Amino acid sequence: MKKLLIGNEAVARGLYEGGIKVVSSYPGTPSTEITEFLSKYDDIHSEWAPNEKVAAEVAFGASLAGARSVCAMKHVGLNVAADPLFTLSYTGVTGGLVICVADDPAMHSSQNEQDSRHYAIAAKVPMLEPADSEECYRFAKDAFELSEKFDTPVLLRMCTRIAHSQSVVDTGERKEAPVKPYVKNGEKYIMMPAFAKKRHPIVEARTEAITEFAESCPYNKIEWGGKDIGIITSGSCYQYVKEALGDTVSVLKLGIVNPLPRKLILDFASKVRRVIVIEELDGIIETHCRTLGIEAEGKSLFTPIGEYSQKTVSEIILGKSPEKPTLNESVPARPPMMCAGCPHRGMFYALSKNKITVLGDIGCYTLGAQAPLCALDSTLCMGASVSGLHGFNLVDGGKSRTACVIGDSTFMHSGMTGLVNISYNATNSTVIILDNSITGMTGHQQNPTTGYNIKGDPAAKVDLEALCHAIGINHVRVVDPYNIEECEKAVLEETEIAEPSVIISRRPCVLLKYVKTQSPVTVDNGKCRGCRKCMTLGCPAISFKNKKAVIDHTLCVGCDVCKQLCHFGAIESEERK
Ligand SMILES: Cc1ncc(C[n+]2csc(CCOP(=O)(O)OP(=O)(O)O)c2C)c(N)n1
């Protein structure tokens, strides 16, 4: 049946039809919807794991038990799952195992721009890269076969443009893949040195076999056009090349980006005058061409930074802008900002006002770094706020008032172990868990602290207070971030004491459906002195006109935080007017 699908939905459909039995993932833009779409199928098991390493290991266990399994993550998630990945390459699989990884060139929603293809090379596993939704569907479906045929996990590389763009997919029916019977096989699955040494040559031989497969497989294809320029490309860049250059050039489109074919590339290169590799991020295909002795051009023309477009390709190859219309460049920028009524804001105000040095983490609350709050001093990767704070305090030795902030999902992901270290190695660190009862940043996924699973069914709920106590923290207190005085008091007291402490700043995300908002607040123009105190919150509902504060009723949710700041009683709740 023909359907218009975004790349991630097409991947989910392909995996479903390919016989998936288990998917375990951790959310991360632009990969999240793969698992969200899979969770709609009731005949497979789907789950959010606390982090990508756990997810990959769940997929491994399910594969070991004979089922086709999947985990999906964003590019930085693969750093977290790298440990199982590298040895999974040695063990191989029983049931087919597919790891979907989504890169984010241009960092639309990421902290770096790493190129996941390096992982495929380093871990010596095959990587497929689709260029539209139809390929997302087909590659995902075939990936299980490939995984079982070559006894390897298979990486399916997505990128933001392919994951979130729509194109037509001709879907089919699910083909059940019976669970293979479990057979104990220590030499294959117990990777201690004696056995692992025997597996390594198998991995090398497998790479040779897949390279041979890549020479003539249907995923790599040549489209002949003008022979003056031969373009070698893959993924989204293929679309830019076709749109910008049509058949004025010949194109070798690679669908397997690791291992790369040799004969196919040499043959293609021998038939064109000039070889240009167009690949976003790093010059991986270009380097491969050069090791084959081909004088390929690539990064001398195209930047390793950010995304390309048909405009980039046209301007660099043809020296002119494309004839087809491009997006109007003057689309207004819409930078992310903390929502009106965001429960993180009150705590950030308290931290900023009291000039606390705050190690930050990754989530909606990273936006606390923006003016006017400017409440953060660092953001590195998930979990790093907690471990980093301990390191900072080891050196700072109490000279500054310090704390760290971490969301509930991020705390479950990789903050807990940092807290164990704080407790065990004893620094007077204050960890603030911003518990908004959801994984907010990636679009409201459940996590182990929310009490619901991926399907929205009730599930075991981690008791954060009890967990922190069990880790050895004696000072654990809960505050309401809509109460500024309470937040300030907690921050000042807990950063003062001579032992580790945890503040749980708890209030559900205001965008959750079950959260009841209050009537908006209004400024009494007579009382407003134009002091701009309310503006220091950075609430998007508050602006300034004619030297007075104005509150946008379409945005205000009546959290009352600004009201607490106004010394002149100029901000009033609607019903009290
Ligand atoms: C290793 C890794 N995995 C996934 C992500 C994507 N990601 C960014 S923040 C975040 C979780 C945010 O949830 P939470 O900590 O609860 O904070 P909130 O956004 O709700 O404030 C995720 C999954 C990431 N940046 N890095």
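The values are calculated or read from the model by the stated rules, or taken from the named source; none is laboratory data. Since the model is a prediction, treat every value here as computed from it, not as a measurement. Neighbour counts run over all protein chains shown; Cβ positions are idealised from the backbone, glycine included. Surface areas here come from the heavy atoms of the whole protein model, side chains and all, with no ligands, DNA or RNA. Shrake-Rupley method; radii C 1.70, N 1.55, O 1.52, S 1.80 Å.
Assess whether Thr450 counts as being surrounded by 14 or more Cβ atoms within 10 Å (Cβ to Cβ), assigned to a loop (DSSP other than H, G, I, E, B) and touching a residue at least 24 places away in the same chain (Cβ under 8 Å).
Details: surrounded by 14 or more Cβ atoms within 10 Å (Cβ to Cβ): yes; assigned to a loop (DSSP other than H, G, I, E, B): yes; touching a residue at least 24 places away in the same chain (Cβ under 8 Å): yes.
Yes, satisfied.
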- Note on the structure: Taking region 40-64 and keeping residues under 20 Å from Met192 (Cα atoms) and away from the ligand (no atom under 16 Å from the Cβ) leaves Phe60, Gly61, Ser63, Leu64
- Task: May I ask you to say which residue of Val11, Val70, Val23, Val76 is at pLDDT 95 or above, within 11 Å of the ligand (Cβ to nearest atom) and of a type in the set (A, V, I, L, M, F, W, C)?
- Result: Val76
- Filter pass, Val491 being surrounded by 15 or more Cβ atoms within 10 Å (Cβ to Cβ) and within 16 Å of the ligand (Cβ to nearest atom): no
- Here are some residues: Gly451, Gly443. Which one is on the phi > 0 side of the Ramachandran plot, in contact with a strand residue (DSSP E or B) (Cβ under 7 Å, 6 or more places away or on another chain) and within 16 Å of the ligand (Cβ to nearest atom)? Gly451
- Which condition number in (1) open to solvent by 10 Å² or more (accessible area, probe 1.4 Å); (2) more than 20 Å from the chain's Cα centre (by Cα); (3) within 25 Å of Gly61 (Cα to Cα) is the one that Tyr119 fails? (2)
- Before we move on, is Ile362 open to solvent by less than 10 Å² (accessible area, probe 1.4 Å), in the same structural domain as Ile497 (by TED's automatic domain parsing) and outside any helix (DSSP H, G or I)? no
- The residue from Ala371, Ala350 that alone is open to solvent by less than 10 Å² (accessible area, probe 1.4 Å), away from the ligand (no atom under 16 Å from the Cβ) and touching a residue at least 40 places away in the same chain (Cβ under 8 Å) is Ala350
- Message: I need the full set of residues from region 213-253 which are touching a Pro at 6+ places or on another chain (Cβ under 8 Å), on the phi < 0 side of the Ramachandran plot and of a type outside the set (S, T, N, Q), in order please.
- Response: Ala214, Glu215, Glu243, Ala244
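At pLDDT 95 or above and more than 16 Å from the ligand (Cβ to nearest atom): does that describe Ile473? Break it down into steps so the answer makes sense when it comes.
On the way: at pLDDT 95 or above: yes; more than 16 Å from the ligand (Cβ to nearest atom): yes.
Spelling it out, Ile473 is indeed at pLDDT 95 or above and more than 16 Å from the ligand (Cβ to nearest atom).
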- Message: Testing Leu380 on (1) among the aliphatic types (A, V, I, L, M); (2) within 11 Å of the ligand (Cβ to nearest atom); (3) crowded, with 23+ Cβ neighbours inside 10 Å, one condition comes back false. Which one is that?
- Response: (3)
- Message: Restricting to region 79-89, name every residue that is open to solvent by 20 Å² or more (accessible area, probe 1.4 Å) and within 11 Å of the ligand (Cβ to nearest atom).
- Response: Asn79, Val80
- Show the residue pairs that are 6+ apart or on different chains and have beta-carbon atoms under 9 Å apart, the first residue being within region 389-416 and more than 16 Å from Ser505 (Cβ to Cβ), the second being of a type in the set (Phe, Trp, Tyr). Ser400/Phe392; Thr402/Phe392; His413/Tyr26
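Working carefully through the options Ala403, Ala426, find the one that is more than 8 Å from the ligand (Cβ to nearest atom), buried (at least 20 other Cβ atoms within 10 Å of the Cβ) and at pLDDT 95 or above.
Numbers: Ala426 fails: buried (at least 20 other Cβ atoms within 10 Å of the Cβ).
The match here is Ala403.
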- Query: Does Pro130 satisfy the criteria of being without any contact (Cβ under 8 Å) to a residue 60 or more places away in the chain, of a type outside the set (Val, Ile, Thr) and assigned to a loop (DSSP other than H, G, I, E, B)?
  - Reply: no
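Here's the yes/no breakdown for (1) out of contact with any Ser or Thr (no Cβ under 6 Å at 6 or more places or on another chain); (2) assigned by TED's automatic domain parsing to the domain that holds Phe411; (3) touching a residue at least 24 places away in the same chain (Cβ under 8 Å):
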| site | (1), (2), (3) |
| --- | --- |
| Ile484 | yes, yes, yes |
| Glu488 | yes, yes, yes |
| Lys527 | yes, no, yes |
| Gly530 | yes, no, no |
| Lys533 | yes, no, yes |
| Ser543 | yes, no, no |
| Lys548 | yes, no, yes |
| Thr554 | yes, no, no |
| Phe568 | yes, no, yes |
- Gly398 passes all but one of (1) within 16 Å of the ligand (Cβ to nearest atom); (2) open to solvent by 50 Å² or more (accessible area, probe 1.4 Å); (3) farther than 30 Å from Glu33 by Cα; which number fails? (1)
- Query: In region 407-423, how many residues are near the ligand (Cβ under 8 Å from one of its atoms) and touching a His at 6+ places or on another chain (Cβ under 9 Å)?
  - Reply: 1
- Tell me which of these Thr417 doesn't satisfy, since it passes every other one: (1) in a loop (DSSP other than H, G, I, E, B); (2) within 19 Å of His469 (Cβ to Cβ). (1)
- Would you check which residues across region 525-546 are open to solvent by 50 Å² or more (accessible area, probe 1.4 Å) and over 25 Å from Leu367 (Cβ atoms) and list them? Asn525, Gly526, Lys527, Arg529, Asn546
